[in-house]
Each structure stands twice: as structure tokens, then as C-alpha cells.
1. Hey, among the residues in the stretch 56-69 that are in contact with a strand residue (DSSP E or B) (Cβ under 7 Å, 6 or more places away or on another chain) and among the hydrophobic types (A, V, I, L, M, F, W, C), which one's farthest from His109 (Cα to Cα)?
2. I'm trying to understand the selection: among the residues of the stretch 38-56, which are in a helix (DSSP H, G or I) and either of a type in the set (Val, Ile, Thr) or within 8 Å of the ligand (Cβ to nearest atom) (or both)?
3. Of the conditions (1) open to solvent by 30 Å² or more (accessible area, probe 1.4 Å); (2) of a type in the set (Asp, Glu); (3) in a strand (DSSP E or B), Glu88 fails just one. Which one is it?
4. Being among the small types (Gly, Ala, Ser), surrounded by 24 or more Cβ atoms within 10 Å (Cβ to Cβ) and more than 8 Å from the ligand (Cβ to nearest atom) is the filter here; which residues of the stretch 290-309 pass it?
5. Out of the strands (runs of 3 or more DSSP E) lying entirely within the stretch 197-275, which hold 3 or more residues that are open to solvent by less than 20 Å² (accessible area, probe 1.4 Å) and in contact (Cβ under 8 Å) with a residue 24 or more places away in the chain?
6. In the stretch 1-37, what count of residues is obtained for those that are part of a loop (DSSP other than H, G, I, E, B) and either more than 8 Å from the ligand (Cβ to nearest atom) or of a type in the set (Lys, Arg) (or both)?
7. Name the single residue, out of those in the stretch 176-190 being modelled with pLDDT of 95 or more and out of contact with any helix residue (DSSP H, G or I) (no Cβ under 9 Å at 6 or more places or on another chain), that is farthest from the ligand (Cβ to nearest atom).
8. When you go through Lys337, Lys403 one by one, which is the residue that is open to solvent by 20 Å² or more (accessible area, probe 1.4 Å) and in contact (Cβ under 8 Å) with a residue 24 or more places away in the chain?
Amino acid sequence: MADSLVIIAGGGIGGLATALTLHQIGVPCIVFEAVPEMRPLGVGINLQPNAVRELDDLGLTEKDLDRVGLPAKEWALVGLNGNDIYAEPRGLAAGYKWPQYAVHRGRFHMLLYEKVLERIGPQAVRLGSRVTGYRENCDASVSVRIEQAGGSTCEVRGALLIAADGIHSVVRAQMHPSQPPIHWAGAVMWRGTTWAKPIRTGASFVGLGTHRQRIVFYPISHPEAQTGVAMINWIAEVTMDNAEGWKQRGWFRQVSIDDFAHHFANWIWDWLDVPALIRQADGAFENPMIDRDPVPTWQDGPVALLGDAAHAMYPTGSNGASQAIVDARVLGAAMLKYGVTQRAVADYDAKLCGPISQLVLRNRGAGPFGLLNIVDERCGGTFADIDDVIAPDERAQFMAGYKAAAGLAIDSLNRAPPTIANGAHVRSLDDAI
Ligand SMILES: Cc1cc2nc3c(=O)[nH]c(=O)nc-3n(C[C@H](O)[C@H](O)[C@H](O)COP(=O)(O)OP(=O)(O)OC[C@H]3O[C@@H](n4cnc5c(N)ncnc54)[C@H](O)[C@@H]3O)c2cc1C
């Protein structure tokens, strides 16, 4: 089996989507995950239509996704005067063949884990197993070093190593030893969830504020039948001076709501009470908005980077998790063409590394929230009629440009053939071109 075994470092969204894809096309794989127990961690994330299409092709149903989130209907930017800057329909309402889902990251992650266990079996995911490095063997295979939770170490040999070990990837650090440290430009996010009545369409993503301070919120559950309340994911964000770098402990930590609620004390309109939304949360997490400078390649022989390990990006475009899923599918398609080989990894790298690295930089430049920067440049963020500041056509063009770069242009996505054809299998290495 080592001849075609694929070793996956990291059992997050990218790692598990890769495992499901490889299983679907008949490639054996094992996931080595550092944590000793899978738990439903995190708050809200978005699954864009390009990712939902792939999940659909993986056999995840609407019922599955409705258990962990709900279809999004609208994306809206609102100024501090409470007036819309831009609003557009999302998912099916926008004309995509597939919905966009707003989901609870932890629940979605557990759904993928459940599918991996069901389809591949419990032996497919080795918990408490941290990947610490790799070396390429003379026969082009790869040996992967693993440290177990108890401290013992071992080496596992496979045909390929797919590194889906997240933004702090050790595999990426070995592949690109001179990569710069994590990049932080001064934005800090506090995240939480609150049970409240959804506004606008009932499934709207709303970003309210300016380019330097805003609140983003959207429901990530269907409303309860009796009360009408849903789980609302919120992200309160402030940009501060980053001259001295990130001084807090850790990149993701639980904090008290009093630590940051004062920034939003006066953010009250007749349709929204931000202080109440924040204060009614069970708790909050602080994390700086960070990403990594792109690297020139995601491949080192039999090793490929995938997901955040390849392209950790600002969440401004809500596409980190979606891109990790798309990566897994593009990699699977390359294996259908070239077998479980380094050539398949090269094909995957050639298709994605360049354009997605550009997307990382685009998201660093605020992604779709860049409209707020334009509004700030032209009127300091204060406006009576948004059409006097930025014309409707210009707003629409700005958003269309972003969507094309993120693989979300409606017509191209709707017309594209499946990344992996139904029933396609890598039968043997001899089948590959
Ligand atoms: C606990 C957690 C909570 C998150 N919460 C949010 C959120 O609320 N909102 C949001 O937008 N994004 C969140 N993210 C990030 C988001 O999940 C990713 O940006 C996106 O899904 C891409 O997924 P990924 O699989 O590439 O990376 P991740 O989801 O980060 O998964 C990486 C996985 O690799 C494992 N790992 C790390 N190092 C090693 C190693 N050396 N060996 C083996 N395994 C390793 C990690 O434990 C993790 O399970 C969170 C990530 C994590 C890990």
C-alpha cells in the first residue's frame, strides 16, 4: 500500500476534505492529526458556492449542511450612518447553481470527521500524532516523522505527503525555511456567537463600519421554530498600531467581553444594538488578523501544501475554508490524470499556487471590504447618498473583479464541468498518463 499511500498532515477542514476526495477516487490515505481529540472548535465560516459544489460532488447533502449552518441570501456593507453602501444577493438568489452556506466551523468540521469515519473507517485518522518533518527517499517516496501524544516518535512512508497543517505549518517551514514570520498589519478581531433574531433577509452577512473599525455578523443556524432566534456569528474588528508587533499571548485566545466592548459602546441604531449583541454572547475569542506572504511553490518533490498551510489569508473574502476544499478537489483531479505521483502534485501546484497567492494579497488589501477604503478615501467615511461617493456601476465592477479572482464568477462557475467526474477512479498508476 505504501506505493500509493497518501499521508495527510492535519485533520482540519482541508485535511479531511482531502481524505474524502482521495477515498472517492480510490486512493488510500491516512490523516495524522496533532490534537488528541476532535472537538467542534471555532465560530462562523462561509462555504462559497464553488466549495458547496465540491461538497455536493462528495455526497454531502443539503440536509447535512442544514445541520451545521444555513444558506446565505445576502451580502451587505453598511456605513456608520446606518445606510447601505452595497448589497447583493448570494448563493441561489444570486443565480449560482449551488448555495452559499454560513456554517459553524466546529460543527462543519465534525460533519466532515463523521463522514471520514463512516466511509474510510476509524483507522483513517490518527489523533495525537503531530507531523514534525519529512524526507524524500531515493525511490521518490516520502518518509514522514511523527511524534505521538505520549512523546514516542515513528516514521511512516508514503507516496506523497499532503500538508494541511494550518497557518503554523511545520511542513511549510521545512519546505521554505527562509519564509518571513507571520504577517500582521494591525487589525484585531474579537469573535463570538449570540442567540438573537436575524435581520434583513434572515440570512444576511452584514459588514458595518469603516475600513479601520467594523462589526461583521451573520446567522449560522436556522432560526428556532418557537422563538425565531438563531445563532448569530459576530466579528468585532479594530485596526491599531502594529509597529511593535503582536504583543499578546498566543494567536487565538479566550478573552473577557469587557476587554474590547468599549470600542463599540455607541454603535446603536434603531435596527441594531451592537453592544447588546456582543454582551449577550457566551464568550469571546481574540485573534489578530494574520496571513502569510505567498511562497513561490507549494511543492517539494512528493510533498504538497494545501489549505492554510499553502495560502493562509485574511478572512475578508470569507474564502479560506472554501479554498481548502477546492484545493483538495484540484489535487484529486490531478491524481486522476497523473496517478499518485509527483507529476500530479506539480499539476496541482501549477494550477493553484500562482492565482491563489494573488488572492491572498488581494484579501490583504481588504478583499471585498476594499469598498470601505474607497468610501474613506473619497469622503472620510461620512456620506448622505452613497451614489454621490461611488456610483452603482463602479461598486458592481469592484465586486465582480473580486469574485472572478476568487473563482466565484457566476457564469464561469455554473458552466464549469465537475472538478472530479462522478465515479472517476485512479485504477492503477499504469492508468495515469
Ligand atoms: C481550532 C480552530 C478554530 C478555527 N476557528 C475559525 C473560525 O472561527 N473562523 C474562521 O474563519 N476560521 C477558523 N479557523 C481557521 C479555518 O478553519 C481555516 O482557515 C480553514 O478552514 C482552512 O483549513 P485548514 O484545514 O487548512 O486549516 P485548519 O482548519 O487550521 O486545520 C489545521 C489542522 O492541522 C492540525 N495540525 C497543526 N499542526 C499539525 C502537525 N504538525 N501535525 C498534525 N496536525 C497538525 C491542527 O490541529 C488542525 O486540526 C480555525 C482553525 C482551527 C484549527
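The values are calculated or read from the model by the stated rules, or taken from the named source; none is laboratory data. In this text, all values refer to a predicted model and were calculated from it rather than measured experimentally. Here the Cβ positions follow ideal geometry from the backbone for every residue, glycine too, while neighbour counts run over all protein chains shown. All accessible areas refer to the heavy atoms of the entire protein, side chains included, with ligands and DNA or RNA removed. Shrake-Rupley method; radii C 1.70, N 1.55, O 1.52, S 1.80 Å.
1. Initial filter on the stretch 56-69 (in contact with a strand residue (DSSP E or B) (Cβ under 7 Å, 6 or more places away or on another chain)): 65, 68-69.
Next, from what is left, pick out any that are among the hydrophobic types (A, V, I, L, M, F, W, C): 65, 68.
On the way: Leu65: 11, Val68: 9 Å.
Restricting to residues being in contact with a strand residue (DSSP E or B) (Cβ under 7 Å, 6 or more places away or on another chain) and among the hydrophobic types (A, V, I, L, M, F, W, C), the top hit is Leu65.
2. Answer for the stretch 38-56, where residues must be in a helix (DSSP H, G or I) and either of a type in the set (Val, Ile, Thr) or within 8 Å of the ligand (Cβ to nearest atom) (or both): just Val52.
3. Evaluating Glu88 over (1) open to solvent by 30 Å² or more (accessible area, probe 1.4 Å); (2) of a type in the set (Asp, Glu); (3) in a strand (DSSP E or B) leaves (1) as the failure.
4. Passing the criteria: only Ala304.
5. Working: elements: 204-209, 213-219, 230-239, 253-255.
Correct list: 204-209, 213-219, 230-239.
6. Adding up the residues that qualify gives 11.
7. Ser178
8. Lys337
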